[in-house]
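Peer 1: Sharing a structure here in structure tokens format.
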Amino acid sequence: MSQRSSLLKKYYKYSLASIIVITAISAQAAPTVTNTDPAATPPATNQNNANQSTTPANNTLAAQLQPSDKALSDANQALLSRNAQLQRQVNDLQTQVNVLVYESKGQLFLYGAFTVLISLLVGIFVSWLVFVRRERW
């Protein structure tokens, strides 16, 4: 019986969580109510009607904040010069990286050459010791 009650508790817990999630989703997806009553809006003048018919989006924020062509051209030129400057910096840094990589490879080659040379000298010395001691016997 206790196993059945624990299963029921889990079922109720998950169903409660599901209801909360569904309620939150449906609340976000609910349509907003706008005032569509034409009597509530004030009548427009003839000049406003003429402007609205030629450019209906004049009252939007994007239309009010739209920059001029000269401002766009100036901003474009500034961005192009900044882009060229950054590209030069990238090229300089890439050259520095390549130099450092080649230097480290050169150092590793020298370390390897010195290791081989020292190993060869140690081998010659050890063999010389062995052959000299053999002659003494």
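Peer 1: Working only within region 63-87, note down all residues that are surrounded by 10 or more Cβ atoms within 10 Å (Cβ to Cβ) and among the basic types (K, R).
Peer 2: R82
Peer 1: In this structure, is Q66 at pLDDT 90 or above and among the polar types (S, T, N, Q)?
Peer 2: For Q66, the condition - at pLDDT 90 or above and among the polar types (S, T, N, Q) - is not met.
The values are calculated or read from the model by the stated rules, or taken from the named source; none is laboratory data. Since the structure is predicted, the reported quantities are computational estimates derived from the model, not experimental observations. We place every Cβ from the backbone using ideal geometry, glycine too, and count neighbours over all the protein chains shown.
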